[in-house]
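See below for the structure under consideration.
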Amino acid sequence: MTRRVLVPLLATAVACTLGLGLSACTTPRTVGPDPSVVWDTDEPTGPLESDPIVIRARAADLAQKLAQNSNDFSRGDLRSTWTGSAIGTMSSDRVNALKNPDNFEPRVAPGPTPWNAMAVDTDEDGNTVVKGCALADGWYISDGHPAPEKPADSRPTELTFVFDGSDADALVSRIVRSNVACTTTDVAVGRFDPQPRLEEASAPVIAP
């Protein structure tokens with residue numbers, strides 16, 4: 001990210017020094033270091049956890065949560081796990097939401113989505129998909145809604161990561177969360193430390 005903001009920052013400094021008519025000279029917004037993920041018990045385990053595509057799906061989920069919590073969609077881990085069009089949609093959706101504060105409830109994720117990998121498959125379009133069972137019902141923090149203490153008490157539903165293609169380096173194009181109930185046990189629950197702040201979800205968006 002430093003490489004992306006260095007040139008604009010220098011250009012702004014020169015323009016301010018020379019008085020080139022800028023209405024305001026401000027430093028681009030920066031985001032602090034990423035939080036750690038602290039697991040309630042153990043990290044995710046299971047027969048599919050060593051599969052590179054499952055590892056990639058978990059990385060994509062984590063990158064998305066960190067980007068949405070901070071409104072920073074320029075993150076390198078987001079670009080390395082998600083398609084450009086998907087990132088653009090995430091960013092523009094948040095920009096549009098911030099333009100309508102009366103209809104926008106700031107929310108942050110308390111940690112990565114709690115889910116178990118159930119299968120790695122291919123859809124009808126030839127795209128690799130990772131199917132999981134998630135406990136993400138209510139997995140958010142908002143004003144008046146603290147992070148759930150026991151996510152396992154929620155109703156688990158199906159979660160699918162859809163990749164853009166079937167190559168080993170394919171990127172996630174979307175995550176589909178359905179209302180179809182599923183059965184799973186011993187889902188690992190990880191929480192961000194420090195806990196994300198709600199005001200970050202309303203901060204100016206850093207575009208891809």
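Checked against (1) assigned to a loop (DSSP other than H, G, I, E, B); (2) touching a residue at least 12 places away in the same chain (Cβ under 8 Å); (3) within 23 Å of Pro44 (Cβ to Cβ), Asp169 passes all but a single condition, namely (2). Summed over the range 45-65, the residues that are of a type outside the set (Asp, Glu), in contact with a helix residue (DSSP H, G or I) (Cβ under 9 Å, 6 or more places away or on another chain) and farther than 14 Å from Ile175 by Cβ give a count of 2. The single condition among (1) assigned to a strand (DSSP E or B); (2) under 25 Å from Arg79 (Cα atoms); (3) modelled with pLDDT under 95 that Val162 does not satisfy is (3).
The residues of the range 95-110 that are assigned to a helix (DSSP H, G or I) and over 17 Å from the mean Cα position of the chain (by Cα), listed by number, are Asn96, Leu98, Pro101, Asp102, Asn103. Please determine whether any residue of the range 132-154 is under 11 Å from the mean Cα position of the chain (by Cα), among the charged types (D, E, K, R) and more than 22 Å from Ser202 (Cβ to Cβ). No, because not a single residue in the range 132-154 is under 11 Å from the mean Cα position of the chain (by Cα), among the charged types (D, E, K, R) and more than 22 Å from Ser202 (Cβ to Cβ). For the range 90-123, which positions are surrounded by 15 or more Cβ atoms within 10 Å (Cβ to Cβ) and over 30 Å from Trp39 (Cα atoms)? Once the filter is applied, which keeps residues that are surrounded by 15 or more Cβ atoms within 10 Å (Cβ to Cβ) and over 30 Å from Trp39 (Cα atoms), the range 90-123 yields Ala97, Leu98. For the range 47-70, the set of residues classified as open to solvent by 20 Å² or more (accessible area, probe 1.4 Å), among the small types (Gly, Ala, Ser) and in a helix (DSSP H, G or I) consists of Ala59 only. Reported count of residues in the range 124-158, each being open to solvent by 20 Å² or more (accessible area, probe 1.4 Å), in contact with a strand residue (DSSP E or B) (Cβ under 8 Å, 6 or more places away or on another chain), in contact (Cβ under 8 Å) with a residue 24 or more places away in the chain and not hydroxyl-bearing (Ser, Thr, Tyr), is 7.
The values are calculated or read from the model by the stated rules, or taken from the named source; none is laboratory data. Please read all numbers here as calculations on a predicted model, not as lab measurements. All Cβ positions, even for glycine, are placed from backbone atoms using ideal geometry, and neighbour counts span all protein chains on display. Just the protein is used for accessible areas: all its heavy atoms, side chains included, with ligands, DNA and RNA removed. Shrake-Rupley method; radii C 1.70, N 1.55, O 1.52, S 1.80 Å.
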